[in-house]
Amino acid sequence: MHDDTLHAHDGTLPAHRDTSPTHRDVAPTHRDAVPAPQDDARASQDQEGGKPLRGGKITAAAVNQASVWNVANLLTMLRLVLVPGFVALMLAAGGYDPAWRSLAWAAFAVAMITDLFDGHLARTYDLVTDFGKIADPIADKAIMGAALICLSGLGDLPWWVTGVILGRELGITLLRFLVIRYGVIPASRGGKLKTLTQGVAVGMYVLALTGWLATLRFWVMAAAVVLTVLTGLDYVRQATVLRRRGIAERRAALEESKA
């Protein structure tokens, strides 16, 4: 019988062993099959002599560097380049040639127009960079300062007017840096009107105007000086309030931490 036959061959036929591997032997676990990101990082460190690869930092630095070359910063750079060009045109042929003064006015107008757009573009399209924060106010002061100094040097504008305007601009810039630890002084409507009036007044003085236009530019410049002084005093008031508030908040926070 079949059972007897099997028992008869027990001495000659080895017992059958299941040689097929189990599922655990064949299919590695997820941890064995897919290396963890930490393992890749360690491998990269091993390949670099125990130091992490710097590809991520280099890539980030390249992105940040590329972001400097955006349209807002390019407009600011253009304004900086226009400053020496404006001075050269303004002083060409002794500084009194109507044709050269018209070209100087064109350069000044382009600089003032770009000033209206670069900040708006940077804020609207998230193009704000550290370079723009530093270069934009420098470009503003440079073109306006160059125009005022040239006009006073040529005798077209009293030096005290140049002193009032430039003194206010430099003073407010310094004041902003002094109180920046307490907060930011926002640009007011009066400040924007002051900038516009200054640009129009200086532009009219750059042109070789005569007659009633020469009289008109005098009154426009007078309005610009008045706005310059009033907005400057308002900035001083805001800075004082901001500083006092910041000091009070710090003291309150310090007392709360000690309690």
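Quick note: the coordinates plus some simple rules give every number you see, no bench work behind them. These numbers were taken from a predicted model, which means no experiment stands behind them. Because the Cβ atoms are built from the backbone with ideal geometry, glycine has one as well, and the counts that use them run over all protein chains shown.
Computed quantities for the displayed model
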{"quantity": "Full-stretch length increase - ILE134, GLU249 - with 0.36 nm per residue and alpha-carbon distance subtracted", "calculated": "38.6 nm"}
{"quantity": "Estimated dipole of region 214-259 in Debye, rounded to 20 [Cβ of Lys and Arg +1, of Asp and Glu -1, Cα centre]", "calculated": "80 debye"}
{"quantity": "Computed E for TYR96/LEU166 - FRET, C-beta separation, R0 25 angstrom, nearest 0.05", "calculated": "0.60"}
{"quantity": "FRET efficiency estimate (nearest 0.05) - Cβ-Cβ, VAL236 to LEU154, R0 41 angstrom", "calculated": "0.80"}
{"quantity": "Net charge of Cβ neighbours under 14 Å - reference ALA139; Lys, Arg +1; Asp, Glu -1", "calculated": "-2"}
{"quantity": "Charge context of TRP69, other residues only, Cβ under 14 angstrom, K/R +1, D/E -1", "calculated": "-2"}
{"quantity": "Stretch gain in nm, segment ALA259-ALA223, where the contour uses 0.36 nm per residue and the Cα spacing is subtracted", "calculated": "7.6 nm"}
{"quantity": "Calculated FRET value between LYS141 and ALA109, using beta carbons and R₀ = 25 Å, to 0.05", "calculated": "0.90"}
{"quantity": "Value of relative contact order over region 68-189, rounded to a whole percent, pairs C-alpha under 8 Å and six or more apart", "calculated": "30 percent"}
{"quantity": "Neighbour-limited loop hits for chymotrypsin sites (Phe, Trp or Tyr not before Pro), region 78-152 (at most 14 other Cβ within 10 Å; DSSP other than H, G, I, E, B)", "calculated": "TYR96, TYR125"}
{"quantity": "Inter-label distance for LEU80 and LEU213, nm, one decimal - labels placed 7 Å from Cα along Cα-to-Cβ", "calculated": "3.4 nm"}
{"quantity": "Length gained when the stretch ARG176-LEU116 is fully extended (0.36 nm per residue, less Cα-Cα span)", "calculated": "19.5 nm"}
